[in-house]
Amino acid sequence: MRFNIGIRGHDLPNAPFFDVDDFIKTFKQYDLDYLQLVISKAFKDFEFNKENLTTLANKLKASDIKVAMIGAYFNMIHPNVVKRLKAIDYFKECMKYAYLFDTKYVGSETGSLNGDKWIYVDGNHTIESFNKVKEVIKDLKNSNNQSYPLIEGAWNHVVYKPVLLNELLNDLGLDACTVDLYNYLNIDNYNDHLNIFKECINLFGDKIKVIHIKDFIVEDNKLVQVSIGKGLMNYKELMPIIKKYLPNAILILEGVKEPDIKSSIEYLRSYEDE
């Protein structure tokens, strides 16, 4: 089988781009199928309106570049109310126009009380913060019946373990999510990452539409990202699991940049015929 492999547009070399054609030419240098599109990061000085979005979407489709999701990541419990409300409005705008790109998903993590740095602080892992996040996502879901928020958990954030994301999905009637295994890890649990991924599959099953692909090493008692296949992530067992249980999931390289993009894609594709 062939894995559905994509990349964040702003991880391509020379991003952000002024010209859509240059973006497409760069994307086509790699053996990729999908794009996670964060418009404000992939393109410089892009004026967000329906006309420009339609032109962009048509050019991507004409080049057979499929969009897995629109990224509109924001801090759902940012203590600055003005910033939070502005981000919510932008997310809703992305949901409004997602159909132009033949996707119905707009993605975000849940955020941190820290504000702009999104790191762990006391108060993130509380029921109060969880309920606030749930209300934000409920509002997003109810704002559009053709597009859906694609939510991703992370250890430092409010939704910090798979069981909480499952609760969120069930409570709000959402049938899709993103899984970033690396984001669930910390210095105490990284050796258990295979079981954490299996837990995600058991909880979410085919609700997992996007999987963020990362690798890591431990350095100075911290997890540090490295090129795919060069770290501690057990892809020798993870890839067969993905192939068996999530064959339609889209694997998005996240934070992988040159000179590691091509080798990371080749590494993942090496598991296709096993």
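General observations
- Among the residues making up the stretch 220-274, those that are within 22 Å of residue 69 (Cα to Cα) and in a loop (DSSP other than H, G, I, E, B) are 228, 246, 247, 248, 249, 254, 255, 256, 257.
- Selected residue (criterion: surrounded by the fewest Cβ atoms within 10 Å (Cβ to Cβ)) from residues of the stretch 8-52 that are in a helix (DSSP H, G or I), among the acidic types (Asp, Glu) and in contact with a helix residue (DSSP H, G or I) (Cβ under 8 Å, 6 or more places away or on another chain): 21
- Test result for residue 3, more than 16 Å from residue 251 (Cβ to Cβ), touching a strand residue (DSSP E or B) at 6+ places or on another chain (Cβ under 7 Å) and hydrophobic (A, V, I, L, M, F, W, C): no
- Leading residue by the ranking (nearest to residue 84 (Cα to Cα)) among those in the stretch 125-149 that are buried (at least 18 other Cβ atoms within 10 Å of the Cβ) and small (Gly, Ala, Ser): 129
- Taking the criterion of being without any contact (Cβ under 8 Å) to a residue 60 or more places away in the chain and buried (at least 20 other Cβ atoms within 10 Å of the Cβ), the residues of the stretch 75-86 that qualify are 75, 78.
- Checked against the criterion of being of a type in the set (Phe, Trp, Tyr) and under 29 Å from residue 136 (Cβ atoms), the candidates 235, 182, 190 yield just one match: 182.
- For residue 70, the requirement of being over 20 Å from residue 8 (Cα atoms), touching a residue at least 24 places away in the same chain (Cβ under 8 Å), crowded, with 21+ Cβ neighbours inside 10 Å and touching a Gly at 6+ places or on another chain (Cβ under 8 Å) is not met.
- Out of 140, 165, sole residue that is touching a residue at least 24 places away in the same chain (Cβ under 8 Å), under 26 Å from residue 97 (Cα atoms), assigned to a helix (DSSP H, G or I) and within 16 Å of the chain's Cα centre (by Cα): 165
- Residue 92 out of contact with any Gly (no Cβ under 6 Å at 6 or more places or on another chain), surrounded by fewer than 16 Cβ atoms within 10 Å (Cβ to Cβ) and assigned to a helix (DSSP H, G or I): no
A quick yes/no check of all residues on (1) surrounded by 20 or more Cβ atoms within 10 Å (Cβ to Cβ); (2) within 26 Å of residue 103 (Cβ to Cβ); (3) not basic (Lys, Arg):
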{"site": "211", "(1), (2), (3)": "yes, yes, yes"}
{"site": "230", "(1), (2), (3)": "no, no, no"}
{"site": "257", "(1), (2), (3)": "no, yes, no"}
{"site": "271", "(1), (2), (3)": "no, yes, yes"}
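Since every read-out is calculated from the coordinates, none of them should be taken as a lab result. What you see is a predicted model, and the numbers here were worked out from it, not measured in a lab. Note that each Cβ is placed from the backbone with ideal geometry, even for glycine, and that neighbours are counted across all protein chains shown.
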